[in-house]
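The values are calculated or read from the model by the stated rules, or taken from the named source; none is laboratory data. Only a predicted model underlies this, so the values are computations on that prediction, with no experimental measurement involved. As a convention, Cβ positions derive from the backbone with ideal geometry for all residues, glycine included, and neighbour counts pool all protein chains shown. Surface accessibility is based on the protein's heavy atoms, side chains included, excluding ligands, DNA and RNA. Shrake-Rupley method; radii C 1.70, N 1.55, O 1.52, S 1.80 Å.
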Amino acid sequence: MPVPIVPSISRSRHNSFIFFIRGILLNTYLDRGGTFTDVVIIDEHGTLTIKKERSNLAIAGDLAEGALVFGTTVATNALLERTQAKTLLLVTQGFKDLLSIGDMTRPALFDVDKQWPSPLNAVIVEVEERLNAFGEEVIPLVLPEIDYASFDAVAIALLHSPKNPVHELAIARQIHASAPHALISIGHHHSPGVGYLERIQTTLVDAAITPCLHDALTRDQIPAGSLAIRSDGTLCPAESLRAPEAVLSGPAGGVLAVAEIARNAGFKNAIGLDMGGTSTDICRIEDGQTLRSEHGLHINGINIHRSTIEVETIAAGGGSILHSGPYGYQVGPASAGATPGPQCYGAGGPPTLTDAALALGRIDPSQFDPPLNPECIQIPGPPDAYLQVAHEAMAAAIRKITTGKGVDVTDHALVAYGGAAGQHAAEVAAHVGIQTVLFHPCSAVLSAWGQQMAPREDSKTQAIWAPLRDCHETLFERWTVLKDQLPQRAEYRFSIGLRSGHSHHIIRLRVDARVTLDTLIDAFQQKYSVQFGFTVPADSLEVVDVRCTAREKMPKRSQQKSFDWGLETQVVHGPKSLFYATTAVYIPQGWSAQEQDGLLRLTQTHKPSQTSTTVNIPLQRTLWANRFMAIAEQAGELLAQTARSVNIRERKDFSCAI
């Protein structure tokens, strides 16, 4: 929880600094990334210590003091690298090849040669059994004769199991009796909604990746009683964390922190800009709440059926490699990584966005250990041109999750965090019409700091897929049944997933358990109209599912009071760079910076006039090409969300042009 911060008393030049807070017990918040592990420790005296450790040397158990809350990218990396346990997959007879066939979605609309990565490796066995769409037995179950003991994990995903899990449970009992060591993943538990392919993929991810996740937690010496943050921004006991819930575990804490920082600064709506070495993550806060995606997560060719925080990721980070060609300038998607790193590391690396920022004086080379070497930099073009290309890409990603969904960003603040965000945030904000940028003292480790805002939460979901008018009278009874299956918590929340019958796009509404039919229809039409610009016939509405969530009451949060940004009461006008131990902040012309309630607040005072008459043709070609492509992509996204055709909606078999 946020706490009053008083001025810094100790600061190390390289990887940590310390300042005082008040009213906190001993806790550790840890975010393990691929390159660095961020640690925030708050001791019983109210001293907050921030550290950055190299992930290949960091052991969470050794770094933890007191209670531990952590996020991890282990599951994500295992999926990307296809690191997995020896897994058996059991499917209904006749569906052995479904995993390889997939849903026929193309990985890239305009690249006919691009292929999806191969599915997770598993021995696939068909089971003689069949239920119909109502859960009634059509073909009796014949238990397969398999040496289950030779596998580390078994995934069971049978057709229509959410309607009647009797066959899946019978096989699970057989496996447990013959191979008690094996991890068993059951389809109706991990993906209770409609969609057999998605259920197979989600169940397989749980079976194949969860053992790797648990092995990593064991190596990390995670203490008993520790809590893990899940992809939807909620907490669970570390030992119960599963792979499908951990894919966005890393950035979840940062999104929660964005909501808290914006709220303390007086903003109900905000954009989060998390810029690291490889990529930039962008999120949005609406009415003080984080947004969750109900369409699952698509990563490396695999669909995972889970509610997750909404994050838009683009390949533009500090380490993104710069290219110059006949069609203009390009930033990324390839990254220099930690080795060899940017040119300024002096290790023979390629030119990167970090090199361009250093060449323009936006980075203090002495803040690094060893110091950066500007003399090694050779940019293939004007450094500011590459920064403009990167800013345009970030602005396009912000527009995708705002104006692309009918949201006006002019009342938003932009909360910048991550090691590189301060060098670019104000200019990105200006691109999209945001006039306020906020920096928190813990901006460099915000995904760890934000874990303080994560609640303990459990939920149960029941798939329905029936017309709203036919089943609305049973909703209260369904929510009551789900509530009885959940642990005792201070608060219970009820929500419903609705869609128009001709569309695959789900809109989730948080409602009272005794909500009326007219209220549901009005709420749906309002959200649908904002996003798509029109309403749909009320008789076409379908209930996708109902959900009950049990949530712990969050502790009362204190307000942050002060932090020494070195400005005192003065207002600093741009262009100017401010350098700190863990980040650098660039104030462009037309912007000012001042301390306010512990935050560094940048405000746009005026739009600078264009004085230069020189036109950079390669730069303008790149910028306009990217702008037109972004418009076409937004048009395609809207078309896919509202389409009736499976070819358009799922395979993305269409083209958009300007």
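Couple of notes before you dig in:
- Tally of residues being under 11 Å from the mean Cα position of the chain (by Cα), among the hydrophobic types (A, V, I, L, M, F, W, C) and at pLDDT 80 or above across the stretch 294-314: 2
- The stretch 97-149, residues that are charged (D, E, K, R) and either assigned to a loop (DSSP other than H, G, I, E, B) or open to solvent by 100 Å² or more (accessible area, probe 1.4 Å) (or both): 97, 103, 106, 111, 113, 114, 128, 129, 136, 137, 145, 147
- Identity of the residue in the stretch 272-293, more than 13 Å from the chain's Cα centre (by Cα) and surrounded by fewer than 24 Cβ atoms within 10 Å (Cβ to Cβ), that ends up modelled with the lowest pLDDT: 278
- Summed over the stretch 445-481, the residues that are assigned to a helix (DSSP H, G or I) and not acidic (Asp, Glu) give a count of 20.
- Residue match in the stretch 336-351 (condition: outside any loop (DSSP other than H, G, I, E, B) and touching a Gly at 6+ places or on another chain (Cβ under 6 Å)): yes
- In the stretch 85-96, residue farthest from the chain's Cα centre (by Cα) [restricted to those that are open to solvent by 50 Å² or more (accessible area, probe 1.4 Å) and at negative phi]: 93
- The condition of being open to solvent by 40 Å² or more (accessible area, probe 1.4 Å) and of a type in the set (Ser, Thr, Tyr) holds for only one of 191, 249, 240, that being 240.
- Contacts under 7 angstrom Cβ, first residue in the stretch 288-307 being on the phi > 0 side of the Ramachandran plot, partner of a type in the set (A, V, I, L, M, F, W, C), 6 or more apart: 288/259; 296/304; 300/79; 300/80; 301/116
- Residues located in the stretch 482-518, provided they are touching a Lys or Arg at 6+ places or on another chain (Cβ under 7 Å), of a type in the set (Lys, Arg) and assigned to a loop (DSSP other than H, G, I, E, B): 489
- Sole residue being open to solvent by 50 Å² or more (accessible area, probe 1.4 Å) and in contact with a helix residue (DSSP H, G or I) (Cβ under 6 Å, 6 or more places away or on another chain), chosen from 359, 316, 338: 359
- Any hit, the stretch 469-489, residues being closer than 28 Å to residue 258 by Cβ, surrounded by fewer than 20 Cβ atoms within 10 Å (Cβ to Cβ) and among the acidic types (Asp, Glu): no
- Per-region count, the stretch 194-220, residues charged (D, E, K, R) and either open to solvent by 20 Å² or more (accessible area, probe 1.4 Å) or more than 13 Å from residue 244 (Cβ to Cβ) (or both): 4
- Residue in the stretch 196-214 that is without any contact (Cβ under 8 Å) to a residue 40 or more places away in the chain, farther than 29 Å from residue 160 by Cβ and outside any loop (DSSP other than H, G, I, E, B) present: yes
Residue-wise test of (1) within 23 Å of the chain's Cα centre (by Cα); (2) of a type in the set (A, V, I, L, M).
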position	(1), (2)
28	yes, no
32	yes, no
53	yes, no
64	no, yes
72	yes, no
75	yes, yes
